[in-house]
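Nothing in this text is a laboratory measurement; each read-out follows from the coordinates by a stated rule. Since we're looking at a predicted model, the values are computed, not measured. Virtual Cβ from ideal backbone geometry, glycine too; neighbours counted across all protein chains shown.
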Amino acid sequence: MKTIIITGGAGFIGSALVRHLVQFSDYKVVNVDVLTYAGNLESLKNISLGANYVFEQVDICDMANMERIFNEHQPHGVMHLAAESHVDRSIDGSAEFVQTNIVGTYTLLEVARCYWERLDESIKSSFRFHHVSTDEVYGSLGATGLFTESSPYRPNSPYSASKASSDHLVNAWYHTYGLPLVVSHCSNNYGPYQFPEKLIPLMVLNALQGKPLPLYGKGDNVRDWLYVEDHVNALLAVYERGRLGETYNIGGHNEKTNFDVVRTICRLLDEMLPGSSYRPHESLVTFVRDRLGHDQRYAMDTAKISNEISWLPDETFETGLRKTVRWYLENLDWCHQVRDGRYQQ
């Protein structure tokens, strides 16, 4: 059984990855998460007693504890997902993003490098470090075109700038030290267990209470939507079969404006909640002042991961969104448990 360290494994994407690995793979999973506001062990209750699962509540910036984790668990690889990820929060307070996304990635790289250099050759040759990043590092597209793996970096928010910085550190550790690395950039994820500050769960939960559904600007900003389980399958494909030193874009082939997303959510709620006094839920939509530096459009060219690793998403936006809305309606207790006084919608 090979051991893999997952950083940020109590977050939205990280917990989906951890659940999948513990339930359906031969890996032993060491989940490293400091449990900030968006990290929640409620998302991992069904696998927390698994014989192939260990949880370490540690900050990735804590070099001494990270060294202990590597030495104690002797991993065969790392998948690095730990990050501050919400653009609005990065605008209000960028320091945490610099600390976690840049300093934390540096710390993890150094600990991994020192550990990897001491490994026996039989293990050393199979060790991998997978850095998980975002399409937002590429900046904003016009009405046409797609981001490719060779698109220039043009981050426009403190969040995307911090992720771009971490990407450059990762690539430097590959070219300078030879640390065996792969990088992936994903588009907007959605699905079960997503923290309620993100667009889709926020809209569902607000609509249930008859609260306004706030849309930035005209609601015409375009994102490519990726169902989280599809992303998990892509991450495993990149980790296991991606070429070292390479970057892979992961997208859902689902370009939608934010307004289109919210209207679709409203139609699903109208259908699933025929007795709601807030129908039609689209009447709750409220346009608010646009976000500072709001990128207009993201879209991913996924030809590389499709051609090299044979990965394609299984879910359309329609099937994935229906599953997602249904999950939130059936798991309101989880939503109540993850929200506390630190988070106000």
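Please give the length that would be gained between A51 and S277 if that part of the chain were fully extended, namely 0.36 nm times their separation in residues minus their C-alpha to C-alpha distance (nm, one decimal).
Fully extending the segment from A51 to S277 adds 76.7 nm.
Place +1 on the Cβ of every Lys and Arg and -1 on the Cβ of every Asp and Glu in the chain, take the dipole about the Cα centre, and give the residue among M203, L181, G251 whose Cα lies farthest towards its positive end.
So the residue we want is M203.
Could you name the lysines whose alpha carbon sits less than 20 Å from that of K218, not counting residues in the same chain fewer than 8 places away?
K198, K256
Using Cα-Cα distances under 8 Å and only pairs 6 or more residues apart, what relative contact order does the stretch 24-91 have, in percent?
34 percent
Please give the length that would be gained between A143 and Q23 if that part of the chain were fully extended, namely 0.36 nm times their separation in residues minus their C-alpha to C-alpha distance (nm, one decimal).
Extending this stretch completely gives an extra 39.1 nm.
Please list, in order along the stretch 12-18, the HN-Hα scalar couplings obtained from phi with the Karplus expression 6.51 cos²θ - 1.76 cosθ + 1.60 (θ = phi - 60°), rounded to whole Hz, x for Gly and Pro.
5, 6, x, 5, 5, 5, 4
Which of L81, L109, S140 sits closest to the plus end of the dipole of the stretch 81-144, meaning its Cα is farthest towards the positive end, when Lys and Arg get +1 and Asp and Glu get -1 on the C-beta?
Of L81, L109, S140, it is L109.
Take every DSSP beta bridge whose two residues both sit in the chain, then give the antiparallel share in percent to the nearest 5.
10 percent
Working out 0.36 nm times the residue gap between T176 and Q337, then minus their Cα-Cα distance, what length gain in nm do you get to one decimal?
53.5 nm
Under 18 Å Cα to Cα from K304, which aspartates and glutamates show up? Leave out anything in the same chain fewer than 8 places away.
Within the straight-line limit of under 18 Å, K304 reaches these aspartates and glutamates: D135, E149, D224, D230, E240, E246, D314.
Taking the Cα of D314, stepping 7 Å toward and past its beta carbon, and measuring to each backbone N in the stretch 36-51: which are under 17 Å?
Answer for this model: none.
How far apart, in nm, are two points set 7 Å out from the Cα along the Cα-to-Cβ line at E67 and at R243?
Each label point is offset 7 Å from its Cα along the Cβ direction, giving 3.7 nm.
Starting from the Cα of K2, draw a straight line to each of the lysines and keep only those under 19 Å, dropping any in the same chain fewer than 8 residues away.
Partners found: K28, K124.
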